[in-house]
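S.K.: Just passing along the structure, written as structure tokens.
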Amino acid sequence: MRDMDGNQCHGDLGSGAEPGSNSSRPTGPLWEIRVKGHLAGDWRDWLDGLEITSLAGGNTVLRGAIVDQAALMGILNKLNRLNVTVLSLRQVGEEE
């Protein structure tokens, strides 16, 4: 299966994933989203598995791989539905 750009999609049956690998784990650029207030860790699954870290200053950092811009917009929309204020958004690298 291929995406709109003609690239091989990850996680399809023909992807050649190694046995025992977690093919449901998103791959893509690493993003860091800093939000105002503390967000409980039990929101992790709803936020597509992003790592949730509460900071001493009262804010939270969400960090992880986000597969594409549509998925990024989905996460931002979820934060908006929670009435969470996004303080910053930045791409911090490629997933290893």
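S.K.: Can you tell me how many residues in segment 40-70 are surrounded by fewer than 15 Cβ atoms within 10 Å (Cβ to Cβ) and part of a helix (DSSP H, G or I)?
M.R.: 4
S.K.: A further question follows. Among the residues of segment 14-31, are any touching a Lys or Arg at 6+ places or on another chain (Cβ under 8 Å) and either loosely packed, with under 10 Cβ neighbours inside 10 Å or modelled with pLDDT of 95 or more (or both)?
M.R.: yes
The values are calculated or read from the model by the stated rules, or taken from the named source; none is laboratory data. What you see is a predicted model, and the numbers here were worked out from it, not measured in a lab. Glycine also receives a Cβ, built like all others from the backbone with ideal geometry; neighbour counts cover every protein chain displayed.
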